[in-house]
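For reference, the structure discussed in these notes is given below.
The values are calculated or read from the model by the stated rules, or taken from the named source; none is laboratory data. Since we're looking at a predicted model, the values are computed, not measured. Cβ placement follows ideal geometry from the backbone for every residue including glycine, while neighbour counts extend to all protein chains displayed.
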Amino acid sequence: MKTLTSPKLLKELLARHGFQFSRSLGQNFLIDENILQKIIKGAAIFPEDRVLEIGPGVGTLTTALAKKAERVVAVEIDRSLLPILQETLEGFSNVEVIHGDILKLNLDDLIEDRFGRQPFKVVANLPYYITTPIIMRFLEEEHPYASITVMVQKEVAERLAAQPGSKEYGALSVAVQFYTRPQILCKVPASVFLPPPRVDSMVVTLEKRSKPAVDVASRSCFFQVVKAVFAQRRKTLLNTLTAAGMTSMDKTALSQMLIALNIDPKRRGETLTLKELADISNQIKPSRPQA
Ligand code: SAM
């Protein structure tokens with residue numbers, strides 16, 4: 001049976017609806033059944049699962065998800081895709097398409113209305129221009145997602161899963177690993193999309209932790225330390241913290257604090273583990289009281 005990953009069928013469908021690709025909306029549609037099945041397998045969808053899909057496009061991933069899950073809610077920004085989705089999703093009574101911008105929608109209301117605040121899984125072949133904001137939105141707003149399985153630009157996937165000391169390790173790695181366990185599932189060449197994007201991709205799963213990876217007295221202070229540490233990667237930790245303006249402690253006090261924590265003040269911030277960043281944030285005296 002031909003599926004929507006068939007380039008011939010997809011081109012015919014798009015032509016019949018007079019569809020024009022929008023590069024600015026990151027419209028690169030998947031045309032590889034093997035990769036589609038890898039995403040579905042990686043997302044580990046069970047019959048009782050509720051799924052939120054971001055950017056269904058013509059419904060390629062949506063139909064595959066609908067065959068596995070109890071319910072799929074798909075948010076698509078491009079109005080011109082709605083008639084196509086109506087056609088391709090015909091017969092799937094467990095799918096609902098919402099026309100909207102995932103960055104602007106009130107997610108609390110959507111999740112409450114559609115999933116009753118029950119855990120749900122996010123699955124998406126993400127438009128790359130919103131990858132980081134959308135992932136951060138789910139993490140920081142603490143929506144009751146169980147996992148996020150997404151196709152993202154290869155370099156972003158590497159940053160999400162990066163370990164301390166690597167050049168990919170940064171504030172995004174720390175934030176994602178604070179809330180989730182990232183796992184890269186597979187590499188995806190540009191040739192499996194219509195039209196092919198300029199970059200290669202990876203599928204990554206972020207499994208939500210039951211509690212953050214490290215104990216911090218104040219999240220706001222923890223993320224201020226993280227921001228300061230990665231803002232100037234080439235400087236020593238001591239100089240970065242001294243210059244950041246986030247603490248009332250002077251250089252000597254900061255140095256003593258780091259030594260007491262068994263952290264060499266001359267280290268570069270990019271080598272710090274989440275535990276070390278948490279230790280610093282739990283000891284540093286912020287210049288303003290923290291939430
Ligand atoms: N899921 C389809 C697939 O795998 O072939 C399409 C993926 S395509 C990379 C990204 C999709 O996200 C497009 O359909 C695009 O219109 C949609 N999109 C872009 N920005 C969006 C936004 N802010 N909110 C919701 N959907 C968006």
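Counting the residues of the stretch 180-196 that are under 20 Å from the mean Cα position of the chain (by Cα) and surrounded by fewer than 15 Cβ atoms within 10 Å (Cβ to Cβ) gives 4.
Of the helices (runs of 4 or more DSSP H) lying entirely inside the stretch 9-119, those containing at least 3 residues that are of a type outside the set (Val, Ile, Thr) and surrounded by fewer than 21 Cβ atoms within 10 Å (Cβ to Cβ) span 33-43, 82-88, 107-115. Only a single item in (1) near the ligand (Cβ under 8 Å from one of its atoms); (2) closer than 18 Å to Val192 by Cβ; (3) of a type in the set (S, T, N, Q) is not met by Ser22, and it is number (2).
Figure legend. Inter-residue proximity from the stretch 2-19: first residues over 14 Å from Leu82 (Cα atoms) and of a type in the set (Lys, Arg), second residues modelled with pLDDT of 95 or more and not in a helix (DSSP H, G or I), beta-carbon distance below 8 Å, spacing 6+ or different chains. Indicated pairs: Lys11/Leu194. Contact map, the stretch 40-64: first residue assigned by TED's automatic domain parsing to the domain that holds Pro127, second residue of a type in the set (S, T, N, Q) and more than 14 Å from the ligand (Cβ to nearest atom), Cβ cut-off under 9 Å, separation 6 or more or different chains; pairs are Gly42/Gln183; Gly42/Thr205; Ala43/Ser147; Ala43/Thr205; Ala44/Ser147; Ala44/Thr205; Arg50/Gln118.
Let's see how each residue does on (1) outside any helix (DSSP H, G or I); (2) more than 26 Å from Met136 (Cβ to Cβ):
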residue	(1), (2)
Lys211	yes, no
Phe223	no, no
Asn239	no, yes
Gly245	yes, no
Pro265	yes, yes
Glu270	no, no
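Among the residues of the stretch 276-288, is there at least one that is touching a residue at least 24 places away in the same chain (Cβ under 8 Å) and of a type in the set (D, E, K, R)? Yes - at least one qualifying residue is present in the stretch 276-288.
Which residue is surrounded by the most Cβ atoms within 10 Å (Cβ to Cβ), if the candidates are limited to the stretch 131-174 and must be part of a strand (DSSP E or B) and away from the ligand (no atom under 13 Å from the Cβ)?
The qualifying residue surrounded by the most Cβ atoms within 10 Å (Cβ to Cβ) is Ile148.
Scanning the stretch 247-263 for residues that are assigned to a loop (DSSP other than H, G, I, E, B) and at pLDDT 95 or above yields Leu261, Asn262, Ile263.
Being farther than 25 Å from Lys68 by Cα and within 9 Å of the ligand (Cβ to nearest atom) is the filter here, so list the residues in the stretch 86-130 that pass it. Asp101, Leu103, Lys104, Leu105, Tyr128, Tyr129, Ile130 - these are the residues of the stretch 86-130 that are farther than 25 Å from Lys68 by Cα and within 9 Å of the ligand (Cβ to nearest atom). The set of residues from the stretch 65-82 being without any contact (Cβ under 8 Å) to a residue 60 or more places away in the chain and within 11 Å of the ligand (Cβ to nearest atom) comprises Leu65, Ala74, Val75, Glu76, Ile77, Asp78, Arg79, Leu82.
Residue-wise test of (1) outside the structural domain of Glu76 (by TED's automatic domain parsing); (2) within 19 Å of the chain's Cα centre (by Cα); (3) at pLDDT 95 or above.
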position	(1), (2), (3)
Lys2	yes, no, no
Leu13	no, no, yes
Arg16	no, no, yes
Gln20	no, no, yes
Leu25	no, yes, yes
Asn28	no, yes, yes
Asp32	no, no, yes
